[in-house]
């Protein structure tokens, strides 16, 4: 079974003055149901900074067949996580490891390749219709984000695949590498969607 390494969000526990790595158990379950072995990536932290050396050693030891950059935490809130994910993308490009970015993970991919993001409205705790490649099996997607992008915000190295009715970007892929991003959360559906399994197999097989 192929290993899929998954980045984790951060929770700061002020009472104990500690930072905890977290991952939605539904994402673990979704990856298993997709036919892969999920392995959470620790948020390697050295003081206030990321511990890049330990992260690279970990990745080289685990040897994942794919990477998922998960959602949660706005970019910039925990800079050590941001730096870790930038390093993960760099490592994946060198090793030719496929990447799927989910919500924040998609935003991080766009940022890495020179794109920008903006505040958007009406995309938190709702559903909306999508238009494009991934609308063949499903007509709408869940939405849990305050930040997003229009075509003008997308890196020129990325190809837009799916948009919402308000023209915000819902999915893209890299024009050269096996890297995809989706703004919806496949793991948060009451019943997993066929097209999300198709996408997983397309990226990681």
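Values in this text are rule-based calculations from the coordinates and carry no lab data. Fair warning: this is a prediction, and the values are worked out from it, not measured in the lab. Ideal geometry is used to build each Cβ from the backbone, glycine not excepted, and the neighbour counts take in all protein chains shown.
Quick look at the numbers
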item	result
Column: log10 I(q)/I(0), Debye, Cα scatterers of the chain, q = 0.09, 0.16 Å⁻¹	-0.31, -1.05
Antiparallel DSSP beta bridges within the chain, as percent of all bridges there, nearest 5	65 percent
Gaussian network model of the chain, Cα within-10 Å springs - most flexible of 156, 47, 76	47
Kirkwood Rh, Cα atoms: Rg over Rh of segment 102-205	0.93
Theoretical ellipticity at 222 nm over the chain - DSSP helices of four or more residues, -39500 (n - 2.57) apiece, nearest 500	-8500 deg cm²/dmol
Projected area averaged over orientations for segment 12-55, convex hull of C-alpha atoms, nm²	4.1 nm²
Order of 109, 23 under a 10 Å beta carbon neighbour criterion, fewest first	23, 109
Ranked list, fewest to most other Cβ atoms within 10 Å of each Cβ, for 126, 168	126, 168
Principal axes of segment 69-112: Cα extent on each, largest first, Å	28, 18, 14
Crossing angle, helix 79-95 versus the chain [Cα axis fit, 0-90 degrees, rounded to tens]	80 degrees
0 to 90° range, to nearest 10: angle between helix 194-204 axis and the chain longest Cα axis	50 degrees
Highest-fluctuation residue, 172, 80, 113 considered, GNM on the chain with Cα pairs under 10 Å	113
Cα-Cα pairs of segment 24-99 separated by more than 15 Å (percent)	58 percent
Angle in degrees between helix 52-62 and the longest Cα principal axis of the chain, rounded to the nearest 10	70 degrees
